Structure formats: structure tokens, C-alpha cells
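What follows is a short report on a single structure.
Bear in mind that the values in this text are calculations on the coordinates, not laboratory data. This is a predicted model, so every value here is computed, not measured. Ideal geometry is used to build each Cβ from the backbone, glycine not excepted, and the neighbour counts take in all protein chains shown.
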Amino acid sequence: MFKKILLALTLALVVLAGTGTCFAGDPPKPDPSGASIGTAADVVNATSGAPSAEDMEKMAAAEPLATKLADVIGHNRIAINMTWVLICGFLVMFMQAGFALAETGFTRAKNAGHTMGMNMMVYAIGMLGFWICGFALQMGGSGGAASLGGGGVLDSEFVINLFGKDFGLFGTKGFFLGNDVYDGTVLTMFLFQMVFMDTTATIPTGSMAERWTMKHFCVYGFFISMFVYPLYANWVWGGGWLSQLGANFGLGHGLLDFAGSSVVHMTGGVAALAGAIAIGPRLGKFRADGTANAIPGHHIPMAIAGCLILAFGWFGFNAGSTLAGGDMRIGVVAANTMLASAGGAMTAMLYMWIRFGKPDISMAANGLLAGLVAITAPCAFVTPIMSVVIGGVGGMLLCISVLFIENVLKIDDPVGAISVHGVNGAWGMLALGLFADGTYGDGVNGVKGAVTGLFYGDASQLFAQLIGITTNIIFVFVVMFIFFKVSNKFVKMRVAPEIEQEGLDMAEVAVIGYPEFSINKTHR
Amino acid sequence: MFKKILLALTLALVVLAGTGTCFAGDPPKPDPSGASIGTAADVVNATSGAPSAEDMEKMAAAEPLATKLADVIGHNRIAINMTWVLICGFLVMFMQAGFALAETGFTRAKNAGHTMGMNMMVYAIGMLGFWICGFALQMGGSGGAASLGGGGVLDSEFVINLFGKDFGLFGTKGFFLGNDVYDGTVLTMFLFQMVFMDTTATIPTGSMAERWTMKHFCVYGFFISMFVYPLYANWVWGGGWLSQLGANFGLGHGLLDFAGSSVVHMTGGVAALAGAIAIGPRLGKFRADGTANAIPGHHIPMAIAGCLILAFGWFGFNAGSTLAGGDMRIGVVAANTMLASAGGAMTAMLYMWIRFGKPDISMAANGLLAGLVAITAPCAFVTPIMSVVIGGVGGMLLCISVLFIENVLKIDDPVGAISVHGVNGAWGMLALGLFADGTYGDGVNGVKGAVTGLFYGDASQLFAQLIGITTNIIFVFVVMFIFFKVSNKFVKMRVAPEIEQEGLDMAEVAVIGYPEFSINKTHR
Amino acid sequence: MFKKILLALTLALVVLAGTGTCFAGDPPKPDPSGASIGTAADVVNATSGAPSAEDMEKMAAAEPLATKLADVIGHNRIAINMTWVLICGFLVMFMQAGFALAETGFTRAKNAGHTMGMNMMVYAIGMLGFWICGFALQMGGSGGAASLGGGGVLDSEFVINLFGKDFGLFGTKGFFLGNDVYDGTVLTMFLFQMVFMDTTATIPTGSMAERWTMKHFCVYGFFISMFVYPLYANWVWGGGWLSQLGANFGLGHGLLDFAGSSVVHMTGGVAALAGAIAIGPRLGKFRADGTANAIPGHHIPMAIAGCLILAFGWFGFNAGSTLAGGDMRIGVVAANTMLASAGGAMTAMLYMWIRFGKPDISMAANGLLAGLVAITAPCAFVTPIMSVVIGGVGGMLLCISVLFIENVLKIDDPVGAISVHGVNGAWGMLALGLFADGTYGDGVNGVKGAVTGLFYGDASQLFAQLIGITTNIIFVFVVMFIFFKVSNKFVKMRVAPEIEQEGLDMAEVAVIGYPEFSINKTHR
């Protein structure tokens, strides 16, 4: 049956795409020299003392040269922003390699091909799902980004009205990136949003590693990229209801998540939790008496190299989220990002050192990531010193959470994905509500004034954050858990025990990870 | 004898370089504060409604401030382009690591040091060859890039006249990057073109892996970087005859290859084909009855990590080929690039899944690359939907080609280089001729109007593409095959059978790839 | 006792940071939309014919539109510089992964987790040390960077007066990145300087690999990042006395080190030398008769991949050191950088080939790095041809030095760190003094005219370079050697012999690098 579904899907895709040029609406818009984006209007909208539109009209007569120059200045301005967003997007895409190496290194040799394969295919599958409808649902009503010179074509949000207020639920424009949204601005936005979504989609491959069928994984990949991620992301970043909590109900600036502690990491971490529960622990992970066996990762250098790649790509993740190279806050964001990672690695190492007598370097590597996840939401709004603190707390939270999930909850999360992304994502959201220092964020989500946390005088921002955290946990967990349970009826989620014993590589992805290296059976 | 050649070469290089400052012509030109590039003239030449040179002269009197500002605006404009091109060039350079890991992972452990070593040394050797004369032959008559503020010093093309038309054959300026071309613009161009050339040069190390002598490889490295690549590249990108097919004979915009499906990938793939034939299959690859043995790659995580690095670097490859961060088409190019890679990975996985019952993840990884190769030529000219289709077809072509080359042609191509780069390079060139949508490319190669493919109404563009594909296959195959055959007389191409059996590492590159890991002999 | 120190340190950090917002001085400065940096003043200070401040005031009345536009132009200008510096900084950070992989690959499997772990933790530890006081000591009196739109808040240098001249010794502003320096410009500078420092800090992990305790390594990490690196860096880059040798004593432009051949690489290399002497050779490295045993690296693909990552990141290292994307010298710098790496790899390969009969690919990989280290100081001041020569000489120096250090000095440097970074760092500093071609560097260190080396007519520049080299060797060696000797009294530097025999992984970092691969004991 699966083969038939596959065939049908393939056919559908081919037909769809083949006829794409027809059904995609209007004919493509011309941009013969790539210069149609970025004009004098972008200077007018610029922030540092630029002339108003009205001024310019008057002055065109008096200063014809300057008026013409304004066009080039606006073009330059948008080019600075677009190149920045693209380069940062490339860095985020590279994080796929980081996740692949980290997860594979922290799991066993017999599944290396499979773990690596999932982390590669999630890029392709997730991207196609996001292209089909994910992007439209997330950003179709977002209005695009002024900093990229347009995107106003993304103008259609499905909204319901409750208590006399509008609640945006999802966007409805941009399916298949048809001709109606075919321009450099929208496609830049698509690229940037896609790689964020893909980070989310890849996180559960960690908690469900070493026992997940490729078939079910493929179904999952389309599901999360087409529906689950885009909905929550719409609510926070696409103009949806969580982002309007400020404008509508006076809760700070509405839910704020600068680069995705909740949108990306909590969504991934909560999905990872649902998946780990649904799929159950690996064979041999828990003894008959319920105590846990350690199953060490097979390739520590690979795992740590993966973590360093993640730390590298994270600069794009956070600093790119200004959507503007001309927003000089990027310096603050980038420095805060790395300071938090240092704090996280340091406290995770010290925690294990003090508690167990040795600096556990694999926990320290995860601490590095924990710090990064935690600073992702607040990175633009807090001081460097608080960034070290936020990251440092994140590293300790990680250790506590990993031990708790394994020893108390008895959930098997091979790479610690739930603790790194879920727990620290929530912590990062809180941290913004606590420590935002009131120096940045004027006008965000349509609310005047800078973003301010509890310790700097605004409790309502913290309240918005709590609503967002709760929403994410409930929405993502419930939807994903139901998805796992229901889809498992149709496509088996977990491999047969003998395949799990033998390793998933040959059975599931038709390769052997290391066909020539002698593998020491005692660690199987 | 080889030692003597080596010594002579070394000496020659030292003497050459040592006297470089003398023979390199004029004394170096001053640019004391790095500000001599990018002036008001670059605004005048800018595309979005900038004033003409004449206008500016008149207005200097009326608007002295604006006139002075124009200088800074022009400087900013060029800086945006130069930083973009450099960063993209860095990303392409990083693809060397991707190729090294992918090729090494897909071959055997006993040759890991050698495969890795070739992929590293091709960077050094190719660069020196390109520095000596490759760059001059390719770009010496190209006129440089206006988007980088100059390069007009590259003004000398060797041209022959046939049928009353000029046929540019090769450039003649820029040897050794002497003082006559010593400025930031030309050197930026050198860097960008060099890393493209090096991609080509490294492709045949895949098809000829596990049996090639380092000596012969070194000779090859200089040959392809000094002569073969630069000539074809000149014809397409350096102002040579293929680029003039439009202006001279009315064939669309002349041969178009936005980022190198033919210039880089077909050249590499066809050279890989010539090499694989010339060197013959690995011992044990084909049985006595002619059927093929599978020789699995020894390190799948390494191979897939390499492919992900390639996908990362490819953003620089394609989006950098605008040679301008201010050309807002970069958003379209980058998004199309990644969409095609998803299409390729997906269809390659599905093809193997449906045909052989399992999703072969190593084929899917190659499918990712196939999609990237295919979109490289048309990426700036097609819609996102067609990009998915082009990549998707590429992934299927890959599978069919790999099976055909191995089972029908009986050619041993250890990593599938011929199918990935050669076959899909040709497909990408065709795809441009078929699907270019008429929205971009005004003025390219001196032809007015946007680039338009067969399905959008211009059959002549497709014809130009066919001429290019044919030219590449014939030129590269003939020259490289003759080179391999002739050079083999002087420097032996293939290692002795006992070395091939033992592994090339110690004999050829004086290291053992993995001296401490126990290697399972059954896979040798 | 160590536990107590740890606890105390942790507590101290937590208290420090927790109270950070109080003791960090003034309240945070607002920058509500990230637009406070980069104004018309930055146009006025721009280099290409921009109007003077006075001019602008006069013209504001006559040309109000142009005057307003000037603000946006200045903002664009700074944005180009800041995005460039940040992206280059990210690339340099990625070099951590390169170092980690190169060092781990070139050492033994039994210590893979430990070597990898040191290279990761040095990022966290070094960053925290630099955050606490390193940055303040280095840059606190530097005046910041005009190209980044400010940083003038870094205005406090401790100076002593000798012979009637001022000698700057260290900065005194910016501790903990408190609120007094909390803006995008300073934090961009912090990020960029931090990743450079961290490169230095990671170099000795190579020469001291496979025998260093984590405890002592942690102490070392704080020491070098808080004190040793910042002091020398202040003298060269922070406005300190070596940079003033030109202005004060007429020695060229004072000590010049464009991107850190001495500041980064010599400091690291000399510290590596002191450490290797202090810690002594690995067990079994030298036989009873004093001859050396070869201890081959366990993973050549990993090592070479690491070197390619380093070559990739080095583009950021060198070209980012303009601190300005608008300084078009970046094209020259980037091309020179890669040309030197090709020269170094080539000559190292040829040297070994000619001398020992085989092209030793691990030496060639180190030759690539040697070329990069050598060009780091002179990259902006020399011609492309001389770059090949400088790199080529570097590759040969490397081979000679590696053999000399091992066979004559009997020092055990597992990865050749002393030769790559120390010896070639010194060569790079000299090369600048010899070959600077008089085309660039007007006004650097307050000295008029372009930078000129001995062969282009200025012997005094070479003299400044010699003073710098000598200072670095004496200062770094003496301080680090004393540090190693004294600290060893309190925290043991070297692991017990049985741990060294067994491998440091489980004992020191609580993991096994490869728990599942069978390790071949003969290579232990």
C-alpha cells in the first residue's frame, strides 16, 4: 500500500509541478535587470532622519539631482538588507549539517546512515512541504518585510473575530510560490523562513533516533512543515493572534520571540517530546527495574563538530532575524548570542564536574546549544551581562532536565533534544519577559515604546510570554501526539525489533554507515 | 626523471616569482586607503533611475552637496557588490571541503588519505595554474565587471574573424596577476573565478578515485586549470564566441549559463568521463562476466556531510553569479537553487524506493547534488515551480544515468561524478532553453530584452544552448582524452595493482587514512 | 581543593553576573530601532570626496533634501562595514571547528574526545575571560573604529611616559561589557576581537595535546584570554606602544600586523612552545637514544577537512581585518590570502617529495596553514606574486622547522603548532617589512604615506617589525613559561602516566571518543 501512496504522491507532484506554470495565476512579473526593488520610497521609509515623501515631492523641483540620487540610495539600502538576510539564511541552512553530525555522533554506529539520512531528507521533505502550503499559511498574511523592499503582496490572513478583536489564524497567499508572489523580496523571505522551519523539523529526529521508520518519518516531515510549524509561526511572526496580544489586550508588545526560542525550538522540542513518548524507548534503554542504561554516542568528534557548526550557523539565526543589515542592533544580537553559548557550555561543564566529579564534555556541548536556544528569543533585548546569565542558567537547566527526563519521566531522548530545545526554548521566552532592558523594539507588533521586561518595569510583557509558552506546549503537543498515534495506524512508526537490534541502516536507508570499520559489539 | 622535472618546476617557480616584481610590468598602482574604487560614475551607471553623466555635470553647479554625495553613493554601491561577490566566493571555496568529504566517504577506507589529499591539493595546484595563465586566458578580454567598479583593464581578447563575424578565442591579459591588473576589482574577480574553476578541477578526482597516481594527478591539475577550463569559460563568460551567438547570429542571448552548469559542471563531468575511460575500472569492480560489483563507500556520515556542505556552498555559487549584491534577483536565484535541490533529493529517493524497494540514501544525497547542478544554469531565469521540476527531473536522470553508466557502458565512476555533473549539467543547460520565463536578463551578452525559453516563445535560445552543450562535450572530451593518453606515456597514470590492492594511502601520499581503526578486509 | 576553587569561581561568576546590571554603571542606552549608528557624520568622514562637516552646514540651507539624504547615505555606509565585520567574524569563529578537527585528526583515537573537548571549551572559557577583562585591557583605549560608526567610548588607555614619549600599556574600559560600552559598534568589535583571541588560545592545545589535564587547561584558558593575549594585542592593535613606534620614533608606520601574524599566531605559537617544553613529550615519543618515534594522526580525512575549514575561515580573518566592507582593499587581501595558501601547500608537498620521495599530504595540509599564517600580516600590503612567494617560503620553513623541533630540539609538538603558527608568524611579520609595496596604508597608526618595505625603499618599517617579533617572543614566552611552571604547583598540568597510556577521554572528559570502533593497539 505504501508503494501505491508513494506512486500516487509522486504522480501528483509531477502533475502539479508540470502544470505549475498554468495554475500559478498571473504570468511572471518582469524584473529585467534585477533593479525593480529598492527605490526612493525605501529612503523615505528609512529610519535615520530621511525626508518624508511629501518633502521629496516638493524638493524634486528644487533639487533634481538629489531626487534622482534618492533612488540609488534606497536601492543600496534594500540591497544591504537583502544580502544580509540571504547570507544569514545560508548560515542557518548549514545548521542542517550541524544537526546531522551532532545527532549521528551522539547515537550508535549501526544507525549512522539512517540518522544522517533523516537529517538530510528532512531538508528536502520539509522544504517541499513548506513550498506547497507551509509558507503560505505562515506568511501569506504577514505583509512581507519593508526592510526587504516589499512583499506587500503577502496580504491575505484568515481572521476570526472574538470579543470584538481580530484573531489572525493563518495566511492564505503564496501556495507553491506561484506567479502572484514571484519576486526577489518574497523569495528571500521564503528562503529565510524555510531554513528556520527546517530546524524545527529536524529536532525530533534526535529524540526519535535509532528506531523510526523512514516511511513514517517522511509522512511526519510533510505534516510538520505543511501545517504544525506554519500555524504557530503565523501566530507569532505572520501577524497572527499571539503577536497582537499587545495591540489588542495591552500585554507588552504582544508575544515576542526575536529569533525563535518558541517558534523554532519549543515547537521542535515539544514535538520531540510527543514523538519520544509515542515511539517509546530504544530496546535496552531501560532495565527491568526501570533504571536507565547509558547508551554512549559512537563518535564524539563528529558530535562536537556538529555542535560547533550549529554555533556558527546560529549567528545567522539570531542576527539575521532583524531582517535588515541596516538595523545596527545586529552587533548586539551577535555578541549576545555567543556570550550565552559560552555561559551555557561553562555551567553545564561545571554542573557535571561538581556533581559527578568529571567535566562531561558531551553535556558541555549540549550546554553550548542550550545557551544558544535560551538567548534566541531575548538576544536583541538584553544586555551582554544578562546574556551570559541567561545562557548560564540554560546550561544548568539542561543538565537537570536531561537527568529528570531520563531518570524520573523514563523517556528515552537519545540526544537530549527535549531538554536542549524544549526546556531551554521556554526558558528563553521567559527570560525575554524578565530581562528585556527597554532599549530596543520601538513599534514592534504595532506597539509604541521599547520592549521592557519585568525587572525593568513591565510585567505585562512577561504575561504575554507565558501565554505564548502555554499555547505552544498545548498546541504542538496535542496536535503532534494525535498525529503520531493516528498516522501510526496507517504507516508503522517503529521498526521491527530485529531491525532495531541489527541497526536500521541497511533495512531502512539501503546503506551501511561504516561497512569497513570493525564495530565493537559490546556497545550495541 | 620525475624528480628532476619536479626540481626544475620548483626552481622555475621560485625564479619566476622571485623576479616577479620586475617582469610584472608597471609598478603597483597606489590605493592608499582602499577608496579608489567606486565613485559617482558608478551611480551614473547604476540601473534604477540614476542621473546621466551629463546631467551630473550640469547639476554640480546647482547642487554641489548632492554632487559630492554621489561619490559616496557610488562607493557604497560597489562595496555592496564586492562584499557580496567575495562572501559568495568564500562559500564556493568551502565546497572544496564538501567535495573532499563526499568523495572520500563514498570510496574506501584504504584510500581515504589519498582521496582527501587529491581534493585538497587540487585547490593549491589549480589555483597556481589559474594564477599563471588560466585567469588571463579566461577573463583577459572580458572587460571586467562594471558591478565591481571596473576591471576594464582586462581588455585584450584574441579574436579570429570568420564569415565576417568576430570569434573570441581567449584572453591575453592578467598572467601571474602582474602589476597591470593589480587592483581590488580584478582580484575579486580572480578569486571568484578561481573557486569556480577549482570545482571543475576536483570533479574528476571522483571518477578516477582509488587508482590515480599523485604524479599524474598533479600534471592533470595544472593542465585543466591552465588551459581546458579557461578556454571554454572564455567562450561563455569571458566574451568569447559562444556568448556572442546571440549578437552575431540572432540565437537568443547567445549561450547562457548563469552559474556554470556547462562551464563548471559539464566540463568537470566530461573530463571525469574521459578520465574514467582512460584509467579503466578499479580492480574487482567488474566480474569476469561483465556484471558490476557494488563497492560501497566506507563512511556514509562523512559523505552526506560533504553533500550538505556542497548544498551550503552552492548558494554562493549561484547567487554570487549576479556579481552584484545590488541585483535583487539574488533572492530568486537563492530560493530556486534550494528548491531544485529538494526536488532532486526527493525524486532520487523515490526512484530507488519504487524501483528497488528501499530509499537509497546515498543516491538521495547525489540527487540533492544533481538538482543543484541542473538549476545552476537556469536559476535566475525560471520560476520557483519550474525549479522544483528541473531539480526533480535531475534527480531521476541521475539514477538512470548511474545505472546506465555502470551496467551498460561498464564505466567505473566511484562517486557518480559523470552522472551528477556531466549529465545534469547538460540537462540544466537545456532547461534554461526550455523554461526561461522572460522576466530577467535584459542586455545580457549585448542582446536586448529578457531571456526567454522555448515554452515561453523563443526557440532560438534553446538552439544556442544545444550548440553550447555540443561544443562542451566535443571540446572537453577530445582534449582531455588525448591529454590522458599522451601524458600517460610520460607520467604513469595508474598505480600498480599491488598498491591498488593494498590501498594508495602510504604509497602515494605517505600517510594512512586511519592507522588505528581496524578495517574489515571483506570490503576491500 | 580543586572542587572548592570551582565552586568559589562559579559562585563568584553567578554573583558577579547577577549583580551585573547594578555594577555595570549607567543604565543601558536606548536605540529603539537600531538606527542610532551611522549618520551624515559618517559620510563626512568617508574617504571618497565627501563633503566636510562645515560644507554640509552651509549647504543644509541651500540643499535641504540632499542634506537629509546624507543621513541615510552615512547609515548605509556603516551598515556595509558592520555586516562585513560581523560575517567575517562568524567565519573566524568557525575556525574553532577547523582547529578542533585538525588537531583531533592529527592525534590519536584514544584521546579524540579530550582533544575535541579542549578545542570546544576554549571557545567558552576564552570568551568568558575576554568578556571579564581581556577586551577591556586590549581595546579599552583604542578609540574604537570609525568605520563602524563609533566606539569612541573606548577612550581610556593606561600610559606611561619614558624618554618624553607616551607608551600605552593597556586599556581600562569595557570590563564585563557593562552598560557604558553597550552599543552595536562596541559589541561588533568585541565579537571580532574575541574570535581572534580564541584562535590564539586554541593553538597550544595542539602542542600540548594528549597529556594535558582539563583542570589545568581551564586555568590556562582564563589566563591567556584575560591577560597575555590582550596585553600584546593592545600594544599592536589597541593603540599601545608598538603601534606608536612610527609616530614616536619614525620607524615606518610603527609595528604593523594587518590581521595577526604576530598578535594571533606568534602569541599562540610561542605559548605553544612554552607549553610543550613545560609539559614534556608524550610517553613513547622519544626513544632512549633520543631519536623520535613517529606517532601518526588517527584520522587523516578529519584532519584535512579541518585544514580546509581553517582556509575557509581565514578569508574572514584577513579580509575582515579592514574593519570595513567599504575598504575596497578587501579584494586584494582575500586573493592574496588564498594565493599564499596555495604556495605553502605546494612547496611543503614538493619539499617532502623531493627530500623523502613521497608527497606527504599531512605536511602539505600544514603547509597550506603555514602559507596562511605567513600572509596574515602582509596580506593588504603586497602584490599577488609576492603573496605566492611569501606562502611558498612559509611552506618550506614549516617542513624545516617541524623536522628541527622534533629531531634537534627534541620537543614534542603533536600537530606542528609551533612551526605553523610561531615560525611562520614571525616570517609573516618580516615579510611585511621586506615586501610592502607602497600602495596602501596611508595614515595607519597616525603615519602619513603608504606602507613600504625594505625592497621598496623603507628599512625603518622592517626595523619596527623586528622589534615587534622580539617583543612577542620574549614577552609571551617568559610570561607563559612562568605561568606554566607556577600554576603547575597548584593544579597539576600533566595527567598520570597510566591515564596517558590508556587515553585521556574517560578520565578527563567523561566520554570515549569512539566507544564502538575497534582500535588497533599497535598504534597506541
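Here the label points at A:Ser156 and A:Thr470, each 7 Å from Cα along the C-beta direction, are separated by 3.4 nm in the simple model. The same position A:Glu502 in the other copies lies at 3.7, 3.7 nm from this copy, comparing label points 7 Å beyond Cα toward the beta-carbon, shortest first.
Starting from one equal scatterer on each C-alpha and no solvent at all, send me the Debye-based log10 I(q)/I(0) for segment C:177-218 at q = 0.18, 0.24, 0.29 Å⁻¹, two decimals. Reported log10 I(q)/I(0), two decimals: -0.64, -0.79, -0.96. Please state the shape class of chain C: rounded when a/c is under 1.5, otherwise prolate if a/b exceeds b/c and oblate if not, all from the C-alpha gyration tensor. Prolate. Compared with the dominant principal axis of the Cα atoms in chain B, helix B:424-435 is inclined by about 40°. A straight Cα-to-Cα reach below 25 Å connects C:Lys58 with the lysines A:Lys58, A:Lys68, B:Lys58, B:Lys68, C:Lys68, residues fewer than 8 places away in its own chain not being considered. Shown here for segment B:141-236: chymotrypsin sites (Phe, Trp or Tyr not before Pro) in loop regions (DSSP other than H, G, I, E, B) with at most 12 other Cβ atoms within 10 Å, namely B:Phe163. For the protein assembly as shown, the mean residue ellipticity at 222 nm estimated from helices alone is -19000 deg cm²/dmol, where every DSSP H run of n ≥ 4 contributes -39500 (n - 2.57) and the total is divided by all residues, rounded to the nearest 500. Mean partner shielding of peptide B:431-437, defined as the number of other chain Cβ atoms within 10 Å of each residue Cβ, is 1. The aspartates and glutamates whose alpha-carbon is closer than 12 Å to the alpha-carbon of A:Lys492, local same-chain residues fewer than 8 away aside, do not include any residue.
Within 10 Å of the Cβ of each residue in B:356-368, the mean number of Cβ atoms contributed by other protein chains is 5.
Using the Cα gyration tensor of the protein assembly as shown, with a ≥ b ≥ c the square roots of its eigenvalues, what is the shape: rounded (a/c below 1.5), prolate (a/b larger than b/c) or oblate (neither)? Cα axes put the protein assembly as shown in the rounded bin.
Of the options B:Leu409, A:Asn424, A:Gln461, report the single residue whose Cα projects farthest towards the positive end of the charge dipole of the protein assembly as shown (beta-carbon charges: Lys, Arg +1; Asp, Glu -1). Of the options given, the answer is B:Leu409. Cross-link partners of A:Lys489 among lysines, defined as those whose alpha carbon lies under 24 angstrom from its own and excluding same-chain residues fewer than eight positions apart: A:Lys3, A:Lys4, A:Lys215, B:Lys358.
Under the combined filter of DSSP loop state and at most 10 neighbouring Cβ atoms within 10 Å, segment B:256-343 retains these trypsin sites (Lys or Arg not before Pro): B:Arg287. Label-point spacing at A:Ile354 relative to the other copies reads 6.0, 6.0 nm, in ascending order, each point sitting 7 Å out from Cα along Cα→Cβ. Rg/Rh, computed from the Cα trace of segment A:230-314 with Rh as the Kirkwood radius, has the value 1.16.
Sorted shortest first, the separations between the B:Ser156 label point and its copies elsewhere in the assembly read 6.0, 6.0 nm; each point sits 7 Å from Cα along the Cα-to-Cβ line.
For segment C:202-244, the square roots a ≥ b ≥ c of the C-alpha gyration tensor eigenvalues yield an a/c of 1.5 or more together with a/b exceeding b/c, which makes the shape prolate. Reported to the nearest whole Å, the Cα centre-to-centre distance from segment A:358-404 to segment C:250-281 is 33. What you get for segment B:245-355, charging only the Cβ of Lys and Arg (+1) and of Asp and Glu (-1), is a dipole of about 340 debye around the Cα centre. Structural descriptor for segment A:410-508: relative contact order 18 percent, calculated from alpha carbon pairs under 8 angstrom and at least 6 residues apart. A Förster radius of 51 Å combined with the Cβ-Cβ distance from A:Phe167 to B:Ser52 puts the calculated FRET efficiency at roughly 0.45.
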